1. Please list, ordered by first then second residue, the pairs with beta carbon atoms under 6 Å, 6 or more apart or interchain, first in the stretch B:224-235 and without any contact (Cβ under 8 Å) to a residue 60 or more places away in the chain, second of a type in the set (F, W, Y).
2. Quick check: anything in the stretch B:499-521 modelled with pLDDT of 80 or more, under 30 Å from B:P474 (Cβ atoms), of a type in the set (G, A, S) and open to solvent by 60 Å² or more (accessible area, probe 1.4 Å)?
3. Give the residue, chosen from B:I88, B:I18, B:I99, that is among the β-branched types (V, I, T), crowded, with 19+ Cβ neighbours inside 10 Å and free of Cβ contacts under 8 Å to residues at least 40 places away in the same chain.
4. State yes or no: is B:T546 open to solvent by 30 Å² or more (accessible area, probe 1.4 Å) and in a strand (DSSP E or B)?
5. Of everything in the stretch B:602-613, what is touching a Lys or Arg at 6+ places or on another chain (Cβ under 8 Å) and either of a type in the set (D, E) or in a strand (DSSP E or B) (or both)? Give them in sequence order.
6. Could you tell me which residue of the stretch A:48-76 is most open to solvent (accessible area, probe 1.4 Å), considering only residues that are over 30 Å from A:I11 (Cα atoms) and not in a helix (DSSP H, G or I)?
7. Which ones in the stretch B:50-77 are exposed (fewer than 14 other Cβ atoms within 10 Å of the Cβ) and within 14 Å of chain A (Cβ to nearest Cβ)?
8. Taking only the stretch B:625-636 into account, find how many residues are more than 13 Å from B:E519 (Cα to Cα) and open to solvent by less than 50 Å² (accessible area, probe 1.4 Å).
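The values are calculated or read from the model by the stated rules, or taken from the named source; none is laboratory data. In this text the structure is predicted, and so the values were computed from the model without any measurement. Here the Cβ positions follow ideal geometry from the backbone for every residue, glycine too, while neighbour counts run over all protein chains shown. Heads up: the accessible areas ignore ligands, DNA and RNA and are worked out on the full protein's heavy atoms, side chains in. Shrake-Rupley method; radii C 1.70, N 1.55, O 1.52, S 1.80 Å.
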Amino acid sequence: MATINKIYSDIDFTFTKKPVTADIALSYDAQAVSRSIRNLLNTQNYDRLFNPDLGSQITGLLFENISPILAGTMESIITNLITAYEPRARLQSVRVSPQPDSNAYNVSITFYIENATLPTTTTILLERNR
Amino acid sequence: MAGANSQIQMTDLDFNTIKNNLKTFLQSQDTLKDYNYEGSALSTLLDVLAYNTQYNAYYLNMVANEMFLDSAIQRSSVVSQAKLLNYIPKSSLSPEATIRFVVNQVSDASLTLPKFTTFMSESIDGVNYNFVTTDATTVGVSGNTAIFPTVNIKQGIPSSLSFTVNSTSNPKYKFNIPETNLDTTTLQVLVQQSSSNTSYQIYTKAEDYLILDSSSLVYFLQESMDGTYDIYFGDNILGKQLTNGNIVIVSYVVTSGVDAAGANNFVLMGSVGGYSNTTITPISAATTGSVKETIDSIKFQAPKAYSAQKRAVTKEDYITVIQQNNLGYSFDAVNVWGGQENFTPVYGQVFIAIKPAGAYTLTATQKQRLITDVIRPVSVMTVEPTLVDPDYTYIQLTANVLYDTKKTNLTSAQIQSAVKTAISNLAATNLNTFNSTFSATDFTNAIASVSNAIITNEITVKLQKKFYPNLTTPSTYTLYYGAPLERGMFQSGVTSTPSVQFRNPLNLANIIDGVYIEEVPTSTGGLESVAVINPGYGYQFTPTVTILGDGTGATAEAVITSYGSIRAINVLTAGTGYTIAIVQITPDPADTTGALGAATATLIGRYGTLRTYYNDSQNVKTVFNNTIGTIDYVEGVITLNSFGPIQVNNDLGQLTITTKPTTTIISSSYNRVITIDPYDPNAIVVNVTAKST
């Protein structure tokens, strides 16, 4: 990940503090965008106040029987979600691989951001948590 | 982080605006840049901040709203604001009926009708209502019969409560009556000395704080936060204070509000003093009563009551005082004016016209109570209040509607009914009150907006006065129509319904039936003026002016100029009985050159005469009395002199006199009310014509 200048900066959701300055830790550029994508995937419609369209129904799909068809559906949902709400990420590919044994889907998203020469790949494991 | 000049604009209540304000604020720094992306952690934090801000702003807005009478929404806030204006919102008011109550076969010397004696009303919409007496009455028994001539009974369930005064647990001496629908006019408060000493004193509601002192036996009343009622007592400065051990006993009636209005037949529940053989005669049916004053009404009335300061000086003071009467009367409209404005000025009197809700006029008792209990105590000493009945002018509307069948799928009957509804609705909003104006244009517009299919419509208006002639003594009746009237001929002018009966003055045993009133068609009187239309020339001497026509007695004289033309013709005697008058100008016999002078006469048009007629046994129209009254076409006044029919041929004994106004804009003032009679099937007539293609 070769960045020339940090054009995106966000608070890190872990809320850790920087060891030297004791200020809150920030995340930058590709990392910030990856976190944002993960955040979007974990948001269901109507979760956000006054913004019901934000998020997706993926969590609901996790309770369906695992199948490659469902994985395809998820891919298109994720693609649409990122296209709509994460303009920073220029999507290259979205792969959703069913993991029947662990009752989960492995989501691998590859995207470019401005000012970066190489694509970033972020992997998110989607599993139902209840 | 933020620049020195950046400010957060926080004047909005909208979530998105607040969030945008926060984003604008963040634009001034470059540490955190991702506020614009919905997935970022920063955006989530902004959501939380914006929501919190919005929540607080909304809450503060509501709090601020509740602080002002105009914007408060909760009843408790409105009531509390009104309290600052010394205004106690009106409670529910029981419908009140009056009966004559007779107890038969009484063997005692006197009989007491106790407080809260219960009567059951007839069924109204399937419900029998409880009515109770609110005071005890005692009468003497004569001939084993006790007669209570007028007993006022109020609808409601009687109830009572007692509280023992304890300055430790209730140091403010405030007691709550847990009823939201109690009629506070029925509230009676007794204070018993103690549980061992049963002597008691009656406390009354404090009304005028100026006259209170440390010994005044008063209680204060207020509506509490939950809509029930609190009573509290004085502090030994304003009103006598209670002492420990006193027992406060309150009794009151809890009403069902307006539901029992109109109840008129009652039966006694149980017995009175052990006697149950009773006769009940209704005197007046239950009044409307009212529900608890609404929030809107409190907002409207409280500032006005405050500005009136319990004094009736201005017109508005009177209206407020009367509208806020605590007698349970509700009025549709009240109008007040000074007697000096009357047609015949009356000084030192203020005239009050009241249109009661659900009735045409107030009863004599209601008028008396309004004057003595409501108006007199607050009016200026030297000004005499006089209650007058509303003077109703009824409008008869005929609407002719032309419509296009191609533009609607409604039948002509449906259009007719829709037009009728539109007229009734507009009449309900515009008319039926004092100081209203009837305008035919308004009605034409309302009809036009009923349907696109209506091509055009026109309205003709007739005005009616209804009155009950005195059948025993011939009387004078003056009917004010409030608009200039059209001169009519025969049936197109003044008409009367129904027919009336008169005694034949020549033979008192002979009764003449089927008598109607009409205009005398030749009642035009004499000459008003003569206008010269051609002055002529060469008159050497003043020519003779002769008035030719069907009347008699009119004379006029000409005035000539020094050049020999006629300058003017002056009427010397107006004459009588002219319907047509021709001015003839004859030169003096000695005059050889005068010629061509011409003039026209204008007849006096202001007054006409009314007569009564009937059709005799051969069906020949016969005039019964040629001068029963006069009609003033300009002022719109009909006067009937010594009008003494012995019977009016309808159930009510009500005579209607119909006229046609020359204008279709009719305004009411003083005690006049323009209305459309809901019981008259001919009040609104709609003729619908389909346009032929």
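1. Going by the 6 Å Cβ cut-off, the qualifying pairs are B:I231/B:F175; B:I231/B:Y219.
2. Yes: the stretch B:499-521 contains one or more residues that are modelled with pLDDT of 80 or more, under 30 Å from B:P474 (Cβ atoms), of a type in the set (G, A, S) and open to solvent by 60 Å² or more (accessible area, probe 1.4 Å).
3. On the way: B:I88 fails: free of Cβ contacts under 8 Å to residues at least 40 places away in the same chain; B:I99 fails: free of Cβ contacts under 8 Å to residues at least 40 places away in the same chain.
Result: B:I18 is the single residue among B:I88, B:I18, B:I99 that is among the β-branched types (V, I, T), crowded, with 19+ Cβ neighbours inside 10 Å and free of Cβ contacts under 8 Å to residues at least 40 places away in the same chain.
4. Working: open to solvent by 30 Å² or more (accessible area, probe 1.4 Å): yes; in a strand (DSSP E or B): yes.
Yes; evaluated as a whole, the condition is true for this residue.
5. Quick first cut of the stretch B:602-613, residues touching a Lys or Arg at 6+ places or on another chain (Cβ under 8 Å) only: B:605, B:608, B:613.
Within the stretch B:602-613, B:G608, B:Y613 meet the criteria.
6. If we take residues in the stretch A:48-76 being over 30 Å from A:I11 (Cα atoms) and not in a helix (DSSP H, G or I), then A:N65 is most open to solvent (accessible area, probe 1.4 Å).
7. Residues satisfying the conditions are B:N52, B:Y55, B:Y58.
8. Of the residues in the stretch B:625-636, the ones more than 13 Å from B:E519 (Cα to Cα) are B:634-636.
Checking which are open to solvent by less than 50 Å² (accessible area, probe 1.4 Å) leaves us with B:636.
The qualifying residues number 1.
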